[in-house]
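Beneath this line is the structure, given in structure tokens, with notes to follow.
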Amino acid sequence: MTQTSAAASQIRIASFNLYNFIAPPDAYYDFNNIYTQAQWQQKCDWIRRYLASHDPCVIGFQEVFSVEALQALQAEAGYPHFVTVDTPEVSDDFIYRHPVLALASKYPILSCEACTIDQTVASLMGIAPGFQYSRLPLRASIALPHLGPCDCYVVHFKSKRAQFEPELAQTSVQSSGSEPTAALAEPDSQGGEKAALFAIEAAAKWASSLVRGTEASLLRLAIARRRVETGNPVILMGDFNDSLAGGVLSALVSQDSRLLGELGEGAFQAYRLQDGYQLHERSQYSPVSVARPATHYHLNQGEVIDYILLSNEFDPHNDQCLAEVSQYHTYDSHLINPQYERDSHSTDHAPVMISLKIRE
């Protein structure tokens, strides 16, 4: 195989949280959050360098405010195909909230649409009517070489930030007309009313977990139904805001089912999604196993919250396998060894990328 044909047999997929991608003079969240022209140029140049050095074929973006600016940057970098399914919220003509998702591709995008929610299933889950995603996920069907149509999903699940302010909840309890407990009503030597705020805060954080887990479960249902309809291979990428190892996102990679005995292993494999990193670890291309790099840091604590999940067409142990994960890369130098001149306006996440080698 020639070097050119070898390169053509590798398809690189990346997930990239841009961290407040917004062109001045617009602001993100607050009127003070406006990049200078120099800062904006530095941010765009950082993105250009990543694209030039890693050359992904398909990229799923999160935290996009300036959609047109990103599309122009991608076109300049050699990505003629670009889609999004939502628009950010704008107030006072220049303050942006609720960033959106986008996808850029070197290959033709055959179709694109927002992922919908089955409200009937949501109701059976005990979710209040009208539940919506925190950020509207997109699905783009892309004509990938050697693979044909592939359904690529981009997500940004609910953050771990508390779903409501504990102080507001405390005030609501005290003004509701009901009689709160003594600990809520009067301070004591242990803190009393203030101490109860810690419990309320824990509840507020768990509420965010409930939203995140619900988003993951309902998206998994949408992916499964689309899979039944088309049979297309599936790639799910994005900022999950949680670890797959925990229970909150278990619906995405669940292996335990009472239906296995009834429906069979084949049906399960067609439904299953797997972590691209773990598929690489189990492949013939994996080097000696090393600790998985974190993709985000909070208070100096690293965690993996950015993922690329794949259907069984990318599992070498499945007889339907079309391609294998030959490489897995976490670009984290700006997080663990930052250089101010280069990285000060980059991103607070590590972009992750897989290379898919077509099976011969």
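The values are calculated or read from the model by the stated rules, or taken from the named source; none is laboratory data. Please read all numbers here as calculations on a predicted model, not as lab measurements. Cβ sites come from the backbone with ideal geometry, for glycine too, and all protein chains shown count toward neighbours. Each accessible area value is taken on the protein alone, full model and side chains, heavy atoms only, with ligands, DNA and RNA left out. Shrake-Rupley method; radii C 1.70, N 1.55, O 1.52, S 1.80 Å.
Odds and ends about this structure:
- By accessible area with a 1.4 Å probe, ligands and nucleic acids excluded, highest first: order of 76, 360, 68: 360, 68, 76
- The chain: relative contact order as a whole-number percent, Cα under 8 Å and 6+ apart: 18 percent
- Residue order for 125, 353 - accessible surface, 1.4 angstrom probe, largest first: 125, 353
- With all protein chains modelled, accessible area of residue 113 [1.4 Å, Å²]: 90 Å²
- Take residue 243: with every protein chain present and a 1.4 Å probe, its accessible area is about 40 Å².
- Of the DSSP H helices in the chain, those whose Cα atoms cover at least 30 Å axially and whose Kyte score averages 0.0 or more: 193-230
- In the chain, the portion of solvent-accessible area held by carbon and sulfur atoms comes to 53 percent [1.4 Å probe, whole percent, DNA, RNA and ligands not counted].
- Cα shape, region 245-332, gyration tensor, a/c 1.5 rule: oblate
- Relative contact order of region 1-129, pairs being alpha-carbon contacts under 8 Å that are 6 or more residues apart, as %: 26 percent
- Using the Cβ of residue 27 as centre and a radius below 13 Å, the other residues enclosed give a net charge of -4, where K and R count +1 and D and E count -1.
- The chain: calculated mean residue ellipticity at 222 nm from DSSP helix runs of at least 4, using -39500 (n - 2.57): -9500 deg cm²/dmol
- Along its three principal directions, the equivalent ellipsoid of region 9-163 from the Cα gyration tensor extends over semi-axes of 26, 25, 12 Å, largest first.
- Extension gain for residue 199 to residue 55 (0.36 nm times residue separation, less C-alpha to C-alpha distance): 47.1 nm.
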